[in-house]
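Engineer: There's a structure below that I have some questions on.
Every read-out reported here was derived from the displayed coordinates using simple, explicitly stated rules and does not represent laboratory data. Quick caveat, the model's predicted, so the values are computed rather than measured. All Cβ positions, even for glycine, are placed from backbone atoms using ideal geometry, and neighbour counts span all protein chains on display.
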Amino acid sequence: MSHPDVRDRRRSDQAPPASLAFSVVIPVYNEEDNVRPLLDSLRDVMESLGQPYELIVVDDGSTDKTRARLRDLTVEMPALRVVQLRTNFGQTAALAAGFDIARGALVITLDGDGQNDPADIPRLVDKLKEGYDVVSGWRHDRQDPLWSRRVPSRVANSLISFITGVHLHDYGCALKVYRREILQDVALYGEMHRFLPALCRWVGATIGELPVGHFPRRLGASKYGLGRMVRVLLDLLTVKFLMSYWTRPIQIFGLLGLVLGGLGSAVGGVLSYQKIFHEVGLANRPLLLLAVLLVLVGFQFISIGLLGEMLVRTYHESQRKPVYTVREILSGGQS
Ligand code: UDP
Ligand code: MG
């Protein structure tokens, strides 16, 4: 017997057809004073687009009055849907919760603190219609502190662009527009929302970028500090690994294993030769230790690569998840 699985819903071939033109997804955590002004201006902008839309606010376990305020707002705004998470799961999980219930053909994301300008949405949508699957905002005139925010972010953006090969000026900008079918192919874990454009590229999406406005945070406090730099670095490692070796882990771990193990064997070989043919003692040779270490580590890497190969197969075959994504299928004789 099959039971409903969230992952099944993510697969584009099983996704329900879009019933709305736009879903706006906004994660909020303790933004009691920001939700109303933001939703008011969002409503005005979305109405001006003249197509059916929904506003999805995901309350990420707020402990202030956000929850009550959102409840009041649902009475006033028919287009508003609020997802209350049971506790604070983090911005990535909150976004994923919004994506899972989004019904719009296009999904628009922005922060709930009022730092993004809803008035930029029509331009982002126009840009997407030029032929992109994802369009990301670029806060070219960013209104955040220089040293604690803008400088680390600049370094991070260059590094992420260089390592993932997806060149964006501003990975941290929450204001983005996606075709919904792309999001259905991307799984979000940890704090991966920062890497969404790279993850979308990984499943074959085309990514565009557009300068957008940015306001200073007027009310409430930022939820992040400098500690995120280390986490971003580690996440970047994961993203790089996923993008390059997800379906072929043995090729990277096996290579490492062969190189290190080979080096160890060579050193061991030289030492053995000296011992056997020249009677050089091995007791006081630190190189022996190195040789043993390299050979062991080499074996470990190869084993990890093989385990990785088994894991990939389990992941894909247990849920019949293809290792590719299809843009469209054209059949002869049909218009
Ligand atoms: N947020 C969230 N869950 C969290 C942390 C943040 O939903 O655990 C929301 C937050 O309410 C805001 C957005 O994510 O709408 C971005 O957070 P913030 O403005 O603190 O980040 P910054 O702009 O300072 O990078
Ligand atoms: Mg903010």
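Engineer: Which one of LEU73, THR63, LEU49 is farthest out on the positive end of the charge dipole of the range 36-105, using unit charges on Cβ (Lys, Arg +1; Asp, Glu -1) and the Cα centre as origin?
Structural biologist: The residue sitting farthest along the positive end of the dipole is THR63.
Engineer: Specify whether the C-alpha gyration tensor of the range 217-335 places it in the rounded, prolate or oblate class, a ≥ b ≥ c being the square roots of the eigenvalues: rounded for a/c under 1.5, otherwise prolate if a/b is larger than b/c and oblate if not.
Structural biologist: Here the range 217-335 falls in the oblate category.
Engineer: What's the extension gain from MET310 to ASP126 if we count 0.36 nm per residue and subtract their Cα-Cα distance?
Structural biologist: Working: separation 184, 0.36 × 184 = 66.24 nm, distance 4.36 nm.
Difference between extended and current length: 61.9 nm.
Engineer: Quick one: Cα centre-to-centre distance for the range 105-161 and the range 44-81, in angstrom?
Structural biologist: 21
Engineer: Once you have a ≥ b ≥ c as the square roots of the Cα gyration tensor eigenvalues for the chain, tell me rounded if a/c is under 1.5, and otherwise prolate or oblate according to whether a/b is larger than b/c. Show your work: numbers first, answer last.
Structural biologist: Numbers: a/c = 2.53, a/b = 1.89, b/c = 1.34.
Note, shape of the chain comes out prolate.
Engineer: Okay, moving on. Test of understanding: what is the full-extension gain from LEU20 to LEU146, defined as 0.36 nm times their sequence separation minus their Cα-Cα distance?
Structural biologist: 41.4 nm
Engineer: Can you say what percent of the DSSP beta bridges in the range 108-222, counting only those with both residues inside, are antiparallel? Round to 5.
Structural biologist: On the way: 6 of 12 bridges.
Taking every DSSP beta bridge with both residues in the range 108-222, the antiparallel ones total about 50 percent.
Engineer: I've got another one for you. Strictly over 30 Å apart at the Cα level, which of LYS127/LYS240; LYS176/LYS321; LYS240/LYS321; LYS65/LYS127; LYS176/LYS223; LYS65/LYS240 would you flag in this model? Write down the numbers at each step before the final one.
Structural biologist: Details: LYS127/LYS240 27 Å; LYS176/LYS321 27 Å; LYS240/LYS321 21 Å; LYS65/LYS127 37 Å; LYS176/LYS223 20 Å; LYS65/LYS240 40 Å.
Check vs 30 Å cut-off fails for LYS65/LYS127; LYS65/LYS240.
Engineer: Can you give the charge dipole size of the range 192-335 about its Cα centre, rounded to the nearest 20 debye, using +1 on the beta carbon of Lys and Arg and -1 on the beta carbon of Asp and Glu?
Structural biologist: The calculated dipole for the range 192-335 is roughly 640 debye.
Engineer: Hey, another quick one. With a ≥ b ≥ c taken as the square roots of the eigenvalues of the C-alpha gyration tensor of the range 10-90, please select rounded if a/c is under 1.5 and otherwise prolate if a/b is larger than b/c or oblate if it is not? Display every interim value, and only then the final one.
Structural biologist: Values: a/c = 2.45, a/b = 1.26, b/c = 1.94.
It comes out oblate by the Cα gyration axes.
Engineer: Separate question: Work out the length of the dipole vector of the chain about its Cα centre, built from +1 on the beta-carbon of each Lys and Arg and -1 on the beta-carbon of each Asp and Glu, and round it to the nearest 20 debye. Let's see the in-between values first.
Structural biologist: Values: 39 positive and 35 negative charges, 152 e Å.
So the magnitude is around 720 debye.
Engineer: Can you give the % of DSSP beta bridges in the chain that are antiparallel, to the nearest 5? Provide the component values of the computation, followed by the final result.
Structural biologist: On the way: 8 of 31 bridges.
Percentage antiparallel, nearest 5: 25.
Engineer: Which one, VAL134, VAL151, VAL177, has the greatest fluctuation when you compute a Gaussian network model over the chain with C-alpha springs under 10 angstrom?
Structural biologist: Looking only at VAL134, VAL151, VAL177, the biggest GNM fluctuation is shown by VAL151.
Engineer: Simple spin-label model, 7 Å along Cα-to-Cβ: ALA187 to LYS240 in nm?
Structural biologist: 2.3
Engineer: Can you pull the one-decimal nm distance between simple spin-label points at ASP40 and THR74, each 7 Å off the Cα toward Cβ?
Structural biologist: Once both label points are built, they end up 2.2 nm from each other.
Engineer: Compare the Cα positions of ASN34, PRO122, THR314 along the charge dipole of the chain (+1 at Cβ of Lys, Arg; -1 at Cβ of Asp, Glu; about the Cα centre) and return the one farthest towards the positive end.
Structural biologist: THR314
Engineer: Right, here's the next one. Obtain the nm distance between the two label points defined at ARG327 and SER158 by a simple spin-label model: each point lies 7 Å from its Cα along the Cα-to-C-beta direction.
Structural biologist: Reported label-point gap for ARG327 and SER158 is 3.3 nm.
Engineer: Using just the helices of the chain, give the 222 nm mean residue ellipticity in deg cm²/dmol: DSSP H runs with n ≥ 4 each add -39,500 (n - 2.57), and the total is spread over all residues, rounded to 500. Write down the numbers at each step before the final one.
Structural biologist: Details: 11 runs with 157 residues, N = 335.
Helix contribution divided over all residues of the chain: -15000 deg cm²/dmol.
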